Amino acid sequence: MAIKVGIPRALLYYRFYPLWKTFFTELGAEVIVSEPTTQEIFKKGLKKFVGDTCLPIKMVFGHVITLADKVDYLFIPRLVSIERDTCLCPHFAGLPDVLCAIMPDLPPILDIHFNVRKKGATMKSIYEAGKRFNKNPFKVYRAYQKAQREYEKFLKRIKDGITPQEAIKIFDGEEVSPPEKKKGGLNIALIGNPYTVYDSFSSLDIIQRLRKLGARIYTSEMIPDEIIEEKVRTLSKKIYWSFGKETVGSAFHFLDSPEIDGLIYIISFECGPDSLLKEIVDDKARKNKRVAYMSLVIDEHTGETGMDTRLDAFIEMIKRRRAKK
Amino acid sequence: MKITFPHMGTIGILGEAIFKRFGREVILPPKTSKRTLTLGSRYSPEFACLPLKVTLGNLIEALENGADTILMLAASGPCRFGYYATLQNLILKNLDYEYELITLDYNMPNNLRKLKRLAKRKNCFQIGEAFRFGFLKLLTMEKMERLAHRIRPYEIKKGSTTKAYEETSRIIRRTFSFKKLRQARRKATSLLRGVSLNRTRNPLKIGVVGETYTVLEPYVNLEVERKLGEMGCEIHRPVWATDYIISMLPIFNRWGPRRKYRKAARPYLKQEVGGECIVSIGGTVLYARGGFDGIVHIAPFTCLPEIVAQGILSKVKKELNIPILTLVLDEHTAQAGLVTRLEAFVDLLERRRNKKVIGDR
Ligand code: SF4
Ligand code: SF4
């Protein structure tokens, strides 16, 4: 029987799932992903957690609990940095240890130090990840190469203008009809940490809500890395958080692009990096008279009605601005 | 050029000593107070961590007093601290303050160039001496603080240690030469030794761990150490400004004074996550093994590394059987509530100890 590897549908799932899944499947493992977040899953995690923290970290606890008795291994990489020069927030580096500490009876955790994107993961960490499934380094490496190809396809699909959620669906073989381009429709850019924005529980499915209101969605993943680099260079100090850099870089880009009508920054309450970066984006947006801007700070108590009211008001604002022009 | 930098416990002493020796004027921000906190939180992002707010308040007060050059440290992640300078700069500029910002980071050659400029026409030897003096002065100050922690639980008249310590601090702060510093040290030690003590007591031993800034800045932690001391507890802590500075230097990063904490924390945390997380865990482990009665863990609200630490400490607590009290601080933390919690904790530790004594017989 194939070894079962569990991947929580949380955090970097939204960025790296195609890579991880292809890698483990190529090595003959069976990959099991937890169900999309629900109130129930979330509550399960909340009960276990000690102290208080941001929504995404609370959510990952729920996912891990629901996976625990179904799998042989949990894949929770220790992500210190996913590209050169930047790192992730401290939660990522400590997560496997915190999970072990709080829930000692979990299945073994594959906590591999991953360092992808720019140079590819280091050979050592790839082998670390793969050796439990196949002892042959060449096989492991080949699996990784295949995974990387799939991953690049996935990235390309996003750059072509669909959301990561949809790109994951396509990767899993589902049919996704790209949202049609409407003339005169509103173009709204969504920025924020991918795992906050694309998890439909935490973001209350904001993407669908906006689409229903007739908007076309842009996300930071659609912006080429070079542009992001160039935009953040205008700051006096480089932003050293990967997603923070992406968020701010794309925010600056969207504020400068003529086709964008509105910009929404989604932040989870108590998020460390975003609490500071919000100030930088706010500042820039305040000085920009053309693009409508709003930041949404969300936590588990954010209600649907409140969200709808704010979105309606936001759309109204954009329309008014357009009319003035 | 009037230089200023935010407070962090006694660390201001270091900067003041160095720049005075360079022949520069230093304007230290007024002592952190209610006003500092109010000013800082008014202009900071709402969810920023507490140290950012308080230090912003410090800077505003110093600028009001005429400072025109701000010196800040800016490490590069993974925590928020590295971005403080940039953000505070943005906020202060939006408030229309005029000043020059100088940041020191991990780029050593660059730092040296900046320091050279600040050092006027001093040569390398003089610069080195200035640093040595500043460091020695800070070290002396910390020695006194350590001593105060040791004797406070024995004091006969409540508050006498604190009074003596404040006097020593004033004496040491006034000195600006090696010779005067030696004299001041002798005088300060004898002052503290002069506090009348009752040595028959057997105080509880408590380790105070947590995020650097909140542990070092008494106003922000509502003087937790003094309070515990006056409740009759001997305080030890792994966080000292001098250690912090030494471990910021590249070579001592791995081998410096914090190595033992890192080693002790290894079974619980395999990866350095930034901030003081690993020291909080390592400190707790070492204190627990050393037979301490309890741990007080201090963290600002939403502090990332300390949330990680808190999760892991829940395991350390069970495995090593040591009570831990976590205090999460923000600008609204109230004196009264804190005292009640500390008293309850000390009570618990006393009962635990008595039980142990009876059990051992
Ligand atoms: S970046 Fe923010 S949301 Fe993400 S784990 Fe860190 S604190 Fe939480
Ligand atoms: S260690 Fe905590 S308080 Fe300090 S910068 Fe990081 S999050 Fe803020």
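The values are calculated or read from the model by the stated rules, or taken from the named source; none is laboratory data. As the structure is a prediction and not an experimental result, all values here were calculated from the model. A quick note on method: Cβ atoms are made from the backbone with ideal geometry, for glycine too, and the neighbour counts reach across all protein chains shown.
Given the criteria in contact (Cβ under 8 Å) with a residue 60 or more places away in the chain, more than 20 Å from residue B:103 (Cα to Cα) and assigned to a helix (DSSP H, G or I), does residue B:37 qualify?
Yes: the conditions hold for residue B:37.
Tell me the residue from B:339, B:328, B:316, B:279 that is closer than 30 Å to residue B:46 by Cβ and either within 13 Å of another protein chain (Cβ to nearest Cβ) or not aliphatic (A, V, I, L, M) (or both), please. Give the steps one after another, and end with the answer.
Details: B:339 fails: either within 13 Å of another protein chain (Cβ to nearest Cβ) or not aliphatic (A, V, I, L, M) (or both); B:316 fails: closer than 30 Å to residue B:46 by Cβ; B:279 fails: either within 13 Å of another protein chain (Cβ to nearest Cβ) or not aliphatic (A, V, I, L, M) (or both).
Result: B:328 is the single residue among B:339, B:328, B:316, B:279 that is closer than 30 Å to residue B:46 by Cβ and either within 13 Å of another protein chain (Cβ to nearest Cβ) or not aliphatic (A, V, I, L, M) (or both).
Restricting the search to the stretch B:32-46, which residues are surrounded by 12 or more Cβ atoms within 10 Å (Cβ to Cβ) and away from chain A (no Cβ under 14 Å)?
B:32, B:33, B:35, B:36, B:37, B:38, B:39
State all residues of the stretch B:282-313 that are within 14 Å of another protein chain (Cβ to nearest Cβ) and of a type in the set (Gly, Ala, Ser); if no residue qualifies, say none.
Step one: of the stretch B:282-313, the residues within 14 Å of another protein chain (Cβ to nearest Cβ) are B:282, B:284-285, B:297-313.
Scanning the stretch B:282-313 gives B:282, B:299, B:309, B:311.
Is it the case that residue B:43 is in the same structural domain as residue B:26 (by TED's automatic domain parsing), touching a residue at least 24 places away in the same chain (Cβ under 8 Å) and more than 21 Å from the chain's Cα centre (by Cα)? Outline the logic, then answer.
Working: in the same structural domain as residue B:26 (by TED's automatic domain parsing): yes; touching a residue at least 24 places away in the same chain (Cβ under 8 Å): yes; more than 21 Å from the chain's Cα centre (by Cα): yes.
Spelling it out, residue B:43 is indeed in the same structural domain as residue B:26 (by TED's automatic domain parsing), touching a residue at least 24 places away in the same chain (Cβ under 8 Å) and more than 21 Å from the chain's Cα centre (by Cα).
Please state which one of A:29, A:2 is aliphatic (A, V, I, L, M) and surrounded by fewer than 21 Cβ atoms within 10 Å (Cβ to Cβ). Step through it out loud before you land on a result.
Numbers: A:29 fails: surrounded by fewer than 21 Cβ atoms within 10 Å (Cβ to Cβ).
Answer to the check: A:2.
Name the residue, out of A:27, A:55, A:19, that is touching a strand residue (DSSP E or B) at 6+ places or on another chain (Cβ under 8 Å), hydrophobic (A, V, I, L, M, F, W, C) and either closer than 22 Å to residue B:328 by Cα or in contact (Cβ under 8 Å) with a residue 60 or more places away in the chain (or both).
Working: A:27 fails: touching a strand residue (DSSP E or B) at 6+ places or on another chain (Cβ under 8 Å); A:19 fails: touching a strand residue (DSSP E or B) at 6+ places or on another chain (Cβ under 8 Å).
After ruling out the rest, the residue left standing is A:55.
Conditions (1) modelled with pLDDT of 90 or more; (2) on the phi > 0 side of the Ramachandran plot; (3) within 11 Å of another protein chain (Cβ to nearest Cβ); (4) surrounded by 17 or more Cβ atoms within 10 Å (Cβ to Cβ), marked per residue:
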residue	(1), (2), (3), (4)
A:233	no, no, no, no
A:236	no, no, yes, no
A:242	no, no, yes, yes
A:251	yes, no, no, yes
A:272	no, no, yes, yes
A:275	yes, no, yes, yes
A:280	yes, no, yes, yes
A:283	yes, no, yes, no
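So, in the stretch A:69-94, how many residues would count as being out of contact with any Leu (no Cβ under 8 Å at 6 or more places or on another chain), of a type in the set (A, V, I, L, M, F, W, C) and within 14 Å of ligand 1 (Cβ to nearest atom)? Walk me through it before giving the result.
Keep residues of the stretch A:69-94 that are out of contact with any Leu (no Cβ under 8 Å at 6 or more places or on another chain), which gives A:69-72, A:83-87.
Narrowing the set further to residues that are of a type in the set (A, V, I, L, M, F, W, C) leaves A:71, A:87.
Among the residues that remain, those that are also within 14 Å of ligand 1 (Cβ to nearest atom) are: A:87.
Residues that pass the stated criteria total 1.
Just to verify a result, which residue in the stretch A:253-270, among those that are of a type in the set (A, V, I, L, M, F, W, C) and not in a helix (DSSP H, G or I), is farthest from the other protein chains (Cβ to nearest Cβ)?
Of everything passing the filter in the stretch A:253-270, A:260 is farthest from the other protein chains (Cβ to nearest Cβ).
Quick check, is residue A:61 away from ligand 2 (no atom under 16 Å from the Cβ) and in a helix (DSSP H, G or I)? Full working, then the answer.
Values: away from ligand 2 (no atom under 16 Å from the Cβ): yes; in a helix (DSSP H, G or I): yes.
It is true that residue A:61 is away from ligand 2 (no atom under 16 Å from the Cβ) and in a helix (DSSP H, G or I).
Check whether at least one residue in the stretch B:254-262 is within 16 Å of ligand 2 (Cβ to nearest atom) and in the same structural domain as residue B:337 (by TED's automatic domain parsing), and report yes or no. Steps first, answer last, please.
If we filter the stretch B:254-262 for residues that are within 16 Å of ligand 2 (Cβ to nearest atom), which is where we start, we get B:258, B:261.
From the residues that got through so far, the ones that are in the same structural domain as residue B:337 (by TED's automatic domain parsing) too are B:258, B:261.
Yes.
Can you spot a residue in the stretch A:294-310 that is more than 16 Å from ligand 1 (Cβ to nearest atom), in a loop (DSSP other than H, G, I, E, B), within 24 Å of residue B:90 (Cβ to Cβ) and at pLDDT 90 or above?
no
For the stretch A:257-276, how many residues are within 16 Å of ligand 2 (Cβ to nearest atom), under 14 Å from residue A:299 (Cβ atoms) and in contact (Cβ under 8 Å) with a residue 60 or more places away in the chain? Lay out the reasoning, then the answer.
Quick first cut of the stretch A:257-276, residues within 16 Å of ligand 2 (Cβ to nearest atom) only: A:267-276.
Checking the rest, the ones that are also under 14 Å from residue A:299 (Cβ atoms) come to A:267-271, A:274-275.
With the extra rule that they be in contact (Cβ under 8 Å) with a residue 60 or more places away in the chain, the set shrinks to A:267-271, A:274.
Residues that pass the stated criteria total 6.
So for the stretch A:228-238 (the condition being in a helix (DSSP H, G or I) and small (Gly, Ala, Ser)), does at least one residue qualify?
As a first pass, look at the stretch A:228-238 and keep what is in a helix (DSSP H, G or I): A:228-232.
With the extra rule that they be small (Gly, Ala, Ser), the set shrinks to none.
There is no residue in the stretch A:228-238 that is in a helix (DSSP H, G or I) and small (Gly, Ala, Ser).
Here is a check on your reading of the model: is residue B:274 within 16 Å of ligand 1 (Cβ to nearest atom), within 12 Å of another protein chain (Cβ to nearest Cβ) and at positive phi? Before the answer, list the steps.
Working: within 16 Å of ligand 1 (Cβ to nearest atom): yes; within 12 Å of another protein chain (Cβ to nearest Cβ): yes; at positive phi: yes.
When the stated conditions are applied, residue B:274 passes them.
Given the conditions (1) touching a Gly at 6+ places or on another chain (Cβ under 9 Å); (2) closer than 29 Å to residue B:80 by Cβ; (3) not aromatic (Phe, Trp, Tyr), report the number of the one that residue B:348 does not fulfil.
(2)
If you check B:37, B:104, B:87, B:50, which single one turns out to be under 28 Å from residue A:283 (Cβ atoms), modelled with pLDDT of 90 or more and in contact with a strand residue (DSSP E or B) (Cβ under 8 Å, 6 or more places away or on another chain)? Walk me through it before giving the result.
Working: B:37 fails: in contact with a strand residue (DSSP E or B) (Cβ under 8 Å, 6 or more places away or on another chain); B:104 fails: modelled with pLDDT of 90 or more; B:87 fails: in contact with a strand residue (DSSP E or B) (Cβ under 8 Å, 6 or more places away or on another chain).
Every option except B:50 fails the conditions.
Identify all residues within the stretch B:51-110 that are without any contact (Cβ under 8 Å) to a residue 12 or more places away in the chain and away from ligand 1 (no atom under 16 Å from the Cβ); write none if there are none.
Result: B:64, B:90, B:93, B:94, B:96, B:107, B:109, B:110.
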